[in-house]
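Working notes, structure below.
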Amino acid sequence: MKKNNSVLLSLPYILWMLAFTLIPLCVVGYYAVTDPTTGAFSLDHLKDLGIYLPVLGRSIGYCLVSALICLLIGYPVAYYMAHRTPLVQKMLYMLVMLPMCMSFLLRTLAWVGLLQDTGIINDFLGLFGIGPLKLIRTPGAVVLGMVYNYLPYMILPLYTTISKIDHRLIEAAQDLGCNSVQTFYRVILPLSVPGILSGVTMVFVPTVSTFYISQKLGSTDTVLIGDVIERLFKQANDPNMGAALSLVLMVLVFVCTGIMNRFGSEEEGSVVV
């Protein structure tokens with residue numbers, strides 16, 4: 001009886017996954033390995049993907065830089081949150097979540113208004129005789145947009161992991177003669193590795209496929225793989241090539257996620273004192 005109830009309760013989730021995950025993935029896979037005219041099996045589109053390797057490399061580079069910056073900013077914030085009183089933690093948690101309640105498009109467009117040549121930042125700098133500086137349509141602007149939009153995805157898993165660290169381990173390290181710096185590097189940091197890997201994964205996955213940020217804050221020199229896929233579907237009317245490129249990107253995301261999960265499971269619970 002309990003087994004039947006669990007199956008019935010999970011049925012909506014199973015149907016949701018079939019309708020919005022598995023079936024679309026099968027459609028993408030079908031278009032990626034078929035000829036657009038005859039519908040026969042063909043790997044021609046996969047063979048022609050070499051021309052997009054520079055764009056794919058640029059996308060991965062931007063994602064890694066964004067993930068690193070998010071980690072450098074997010075770890076101190078998460079550490080600070082985890083060591084406050086419960087009431088302060090709830091308030092800080094809400095502040096981190098608050099920007100995510102606003103539309104992703106609006107948050108990105110807000111940076112356009114700030115960074116453009118006649119934007120707020122350049123107008124302010126002009127009061128001191130500086131500028132106008134080229135702040136928008138640059139790689140830095142694209143990375144800034146990624147960091148701003150996906151920073152909460154780094155902070156939240158780090159906060160959850162750090163807040164669950166047993167304080168008795170920290171006290172034990174201090175009793176064994178470790179100072180604050182040694183305690184952090186030998187106890188806190190190793191125990192927070194799963195949160196770091198989760199945060200990096202949660203930032204990497206959406207940034208590697210993003211296209212709106214690069215379109216609004218970047219230029220022709222900052223075209224990412226998501227931009228190419230969108231153009232193949234909407235402008236070039238080549239869904240087969242777009243599906244092939246999406247399939248490669250999906251495999252890349254799965255591989256990166258699997259590697260990070262593997263390292264996360266190995267590092268979890270490891271402490272060196």
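The values are calculated or read from the model by the stated rules, or taken from the named source; none is laboratory data. Computed from a prediction, not measured in an experiment: that's the story for all the values here. Every residue, glycine as well, gets a Cβ built from its backbone with ideal geometry; the counts of neighbours run over all protein chains shown.
Filter segment 137-160 for residues that are touching a residue at least 40 places away in the same chain (Cβ under 8 Å), polar (S, T, N, Q) and in a helix (DSSP H, G or I) and give the result. Answer for segment 137-160, where residues must be touching a residue at least 40 places away in the same chain (Cβ under 8 Å), polar (S, T, N, Q) and in a helix (DSSP H, G or I): just Asn149. Residues in segment 228-242 that are within 26 Å of Thr108 (Cβ to Cβ), buried (at least 19 other Cβ atoms within 10 Å of the Cβ) and either under 17 Å from the mean Cα position of the chain (by Cα) or not β-branched (Val, Ile, Thr) (or both): Leu232, Gly242. The helices (runs of 4 or more DSSP H) found wholly in segment 35-136 and carrying at least 3 residues that are out of contact with any helix residue (DSSP H, G or I) (no Cβ under 8 Å at 6 or more places or on another chain) and over 22 Å from Val228 (Cβ atoms) occupy 53-82, 86-97, 120-126.
For segment 41-49, the criterion of a residue being surrounded by fewer than 14 Cβ atoms within 10 Å (Cβ to Cβ) and at pLDDT 90 or above is satisfied by no position. Please go through segment 219-238 and give me each residue that is hydrophobic (A, V, I, L, M, F, W, C) and assigned to a helix (DSSP H, G or I), ordered by number. Ile225, Val228, Ile229, Leu232, Phe233, listed by residue number.
Out of all the residues in segment 175-190, which are in contact with a helix residue (DSSP H, G or I) (Cβ under 6 Å, 6 or more places away or on another chain) and free of Cβ contacts under 8 Å to residues at least 24 places away in the same chain? Can you show your working first?
Going residue by residue through segment 175-190, those that are in contact with a helix residue (DSSP H, G or I) (Cβ under 6 Å, 6 or more places away or on another chain) are 183, 187.
If the condition is that a residue be in contact with a helix residue (DSSP H, G or I) (Cβ under 6 Å, 6 or more places away or on another chain) and free of Cβ contacts under 8 Å to residues at least 24 places away in the same chain, then Thr183 is the only one that fits.
Are any of the residues in segment 127-135 hydrophobic (A, V, I, L, M, F, W, C), crowded, with 17+ Cβ neighbours inside 10 Å and closer than 19 Å to Met81 by Cα?
Start the filter on segment 127-135 by keeping residues that are hydrophobic (A, V, I, L, M, F, W, C), which leaves 127-128, 130, 133, 135.
From what is left, the residues that are crowded, with 17+ Cβ neighbours inside 10 Å are 135.
In the following step, the residues that additionally are closer than 19 Å to Met81 by Cα were identified as none.
The answer is no, given that none of the residues of segment 127-135 is hydrophobic (A, V, I, L, M, F, W, C), crowded, with 17+ Cβ neighbours inside 10 Å and closer than 19 Å to Met81 by Cα.
Restricting attention to segment 209-227 and to residues that are at pLDDT 90 or above, under 17 Å from the mean Cα position of the chain (by Cα) and among the hydrophobic types (A, V, I, L, M, F, W, C), the residue that is nearest to Val255 (Cα to Cα) turns out to be Ile225.
Looking only at segment 76-88, decide whether some residue is over 29 Å from Tyr212 (Cα atoms), charged (D, E, K, R) and within 27 Å of the chain's Cα centre (by Cα).
To start, the set of residues in segment 76-88 that are over 29 Å from Tyr212 (Cα atoms) comprises 79-88.
Restricting the remaining residues to those that are charged (D, E, K, R) gives 84.
From what's left, within 27 Å of the chain's Cα centre (by Cα): 84.
Scanning segment 76-88 turns up at least one residue that is over 29 Å from Tyr212 (Cα atoms), charged (D, E, K, R) and within 27 Å of the chain's Cα centre (by Cα).
Here is a check on your reading of the model: is Leu189 closer than 29 Å to Trp111 by Cα and in a helix (DSSP H, G or I)? So Leu189 does not fit the description; no.
In the set (1) surrounded by fewer than 21 Cβ atoms within 10 Å (Cβ to Cβ); (2) within 30 Å of Trp111 (Cβ to Cβ), the condition left unmet by Asp175 is number (2).
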